[in-house]
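> Mind looking over this structure? Questions follow.
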Amino acid sequence: MPYSFFGAAGVIPLDPLPNLIDQVYARILEAISDRTLQPGQRIRQNELADKLGVSRQPVSHALHLLHRQGLVAESGRRGFEVTQLDPARIRQLYEVRGAIDALAARLAAQRAATDAAGRARLDLALAAGRRIDRKTTLAELIALDVEFHRAIYQLAGNPVIEETITPQWPHMRRSMATVLSELDYRGSAWAEHADIARHILAGDANAAEHAALAHAQTAGRMTEERLRATDDVAA
C-alpha cells in the first residue's frame, strides 16, 4: 500500500500561522508531485482540511495558489481537481530547461575551481543521490533530483538562473515523477548526474554544457513519450 502523505494517524499537525498557508500549499504540492493525488482526482476542501488538522481557510488559499500555477483546475461548485499533464507542454518546458541547465553547467564549471562551498554542495547532492535504492520513495527521489540541479544553479553564480526556473519547478516535479517511478531510469538518471558533476568539477565547461543539455533532452523525451503512451491507452 503506498504511503499516504497524510500520515498513518490520518492527521499531521502543522505549525501555527503565519506560515500555515505555505505549509498547506507545500503539502498539497508534494501530494500532486508524487501522485498521491492523481491527475483528474477531485479535491474536497473540507476533507483535506480535516486530514491536515486545519481550517478550510488555509486550504482554500493554497488551492487558489495552485490554481494560478495550473496545477489544479476548477471542478464543479467551489471544487478543484488535479490537472492532467500535457505532453506538448512538458516538451516545451524541457526545451527551455535544457537551455537553462546547459548554461548553468557551463558557468558552474568555470567557477568550480574558486567556489569551495559550491563544490561541496554539489558533492553532497551527488553523494545523496548515489544512496538511492528500490526502497527510496518517489517524493525522496524528486527532492534529491531537485537538490542536485539547484546545487549546479548555485555554483553557476548567476541568481537569475534559479529565479527563472523556480516558477516551473512544480510542473517539473510532476514530470519527474513520470519517469522516476521507473526503476530502470533511476539509476541511469544518477549516472547522467554523475557525468555532469564530473565535468563541472573538472572545469570542463564544454563537456558540462553538453552533458547537461543531453540529460534534459533525454528526460523530456522520455516523459513526453510516456505521457502520450498513457493517453493512447486511456483513449
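The values are calculated or read from the model by the stated rules, or taken from the named source; none is laboratory data. Every value quoted in this text rests on a predicted model; they were computed, and no experiment measured them. As a convention, Cβ positions derive from the backbone with ideal geometry for all residues, glycine included, and neighbour counts pool all protein chains shown. We work out accessible area using only protein heavy atoms, side chains counted, and drop any ligands, DNA or RNA first. Shrake-Rupley method; radii C 1.70, N 1.55, O 1.52, S 1.80 Å.
> Quickly run through the range 12-29 and pick out the residues that are open to solvent by 70 Å² or more (accessible area, probe 1.4 Å) and at pLDDT below 90. Walk me through it before giving the result.
Residues of the range 12-29 that are open to solvent by 70 Å² or more (accessible area, probe 1.4 Å), as a first pass: 13, 15-19, 22.
Pro13, Asp15, Pro16, Leu17, Pro18, Asn19, listed by residue number.
> It is to be established whether one or more residues within the range 130-146 are of a type outside the set (A, V, I, L, M, F, W, C), under 22 Å from Gln92 (Cα atoms) and surrounded by 16 or more Cβ atoms within 10 Å (Cβ to Cβ).
At the first step, the residues of the range 130-146 found to be of a type outside the set (A, V, I, L, M, F, W, C) are 130-131, 133-137, 140, 145.
Filter once more, keeping what is under 22 Å from Gln92 (Cα atoms): 145.
Add one more test, that the residue is surrounded by 16 or more Cβ atoms within 10 Å (Cβ to Cβ), and what stays is 145.
Yes: the range 130-146 contains one or more residues that are of a type outside the set (A, V, I, L, M, F, W, C), under 22 Å from Gln92 (Cα atoms) and surrounded by 16 or more Cβ atoms within 10 Å (Cβ to Cβ).
> Okay, next question. Can you name every residue in the range 89-129 that is open to solvent by 30 Å² or more (accessible area, probe 1.4 Å) and under 30 Å from Leu48 (Cβ atoms)?
Listed by number, the list holds a single entry, Arg89.
> Here's a follow-up. For residues that are part of a helix (DSSP H, G or I) and more than 17 Å from Tyr153 (Cβ to Cβ), tally how many sit in the range 83-115. Full working, then the answer.
Taking the range 83-115 and keeping what is part of a helix (DSSP H, G or I), we get 87-111.
Filter once more, keeping what is more than 17 Å from Tyr153 (Cβ to Cβ): 87-92, 95.
Matching residues across the range 83-115 total 7.
> Check whether at least one residue in the range 118-131 is in contact (Cβ under 8 Å) with a residue 40 or more places away in the chain, basic (Lys, Arg) and assigned to a helix (DSSP H, G or I), and report yes or no.
Yes, the range 118-131 contains a residue that is in contact (Cβ under 8 Å) with a residue 40 or more places away in the chain, basic (Lys, Arg) and assigned to a helix (DSSP H, G or I).
> So which residues in the range 147-158 are open to solvent by less than 30 Å² (accessible area, probe 1.4 Å) and among the small types (Gly, Ala, Ser)?
We begin by selecting, within the range 147-158, every residue open to solvent by less than 30 Å² (accessible area, probe 1.4 Å); these are 148-149, 151-153, 155-156.
Scanning the range 147-158 gives Ala151, Ala156.
> If you check Gly70 against the conditions, is it assigned to a loop (DSSP other than H, G, I, E, B), among the small types (Gly, Ala, Ser) and under 24 Å from the mean Cα position of the chain (by Cα)?
Details: assigned to a loop (DSSP other than H, G, I, E, B): yes; among the small types (Gly, Ala, Ser): yes; under 24 Å from the mean Cα position of the chain (by Cα): yes.
So Gly70 fits the description; yes.
> Identify the single condition in (1) open to solvent by 30 Å² or more (accessible area, probe 1.4 Å); (2) farther than 15 Å from Arg27 by Cβ; (3) modelled with pLDDT of 90 or more that Arg77 does not satisfy, given that it satisfies every other one.
(3)
> Filter the range 208-218 down to residues that are touching a residue at least 60 places away in the same chain (Cβ under 8 Å), open to solvent by 10 Å² or more (accessible area, probe 1.4 Å) and among the aliphatic types (A, V, I, L, M), then give me how many there are.
The qualifying residues number 2.
> Return the only residue of Trp190, Trp169 being open to solvent by less than 30 Å² (accessible area, probe 1.4 Å), closer than 30 Å to Gln38 by Cβ and either of a type in the set (Asp, Glu) or free of Cβ contacts under 8 Å to residues at least 24 places away in the same chain (or both).
Numbers: Trp190 fails: either of a type in the set (Asp, Glu) or free of Cβ contacts under 8 Å to residues at least 24 places away in the same chain (or both).
One residue alone meets the criteria, Trp169.
> Evaluate the following for Leu48: is it in a helix (DSSP H, G or I), within 25 Å of Glu140 (Cα to Cα) and more than 18 Å from the chain's Cα centre (by Cα)? Spell out how you get there, then give the answer.
On the way: in a helix (DSSP H, G or I): yes; within 25 Å of Glu140 (Cα to Cα): yes; more than 18 Å from the chain's Cα centre (by Cα): yes.
When the stated conditions are applied, Leu48 passes them.
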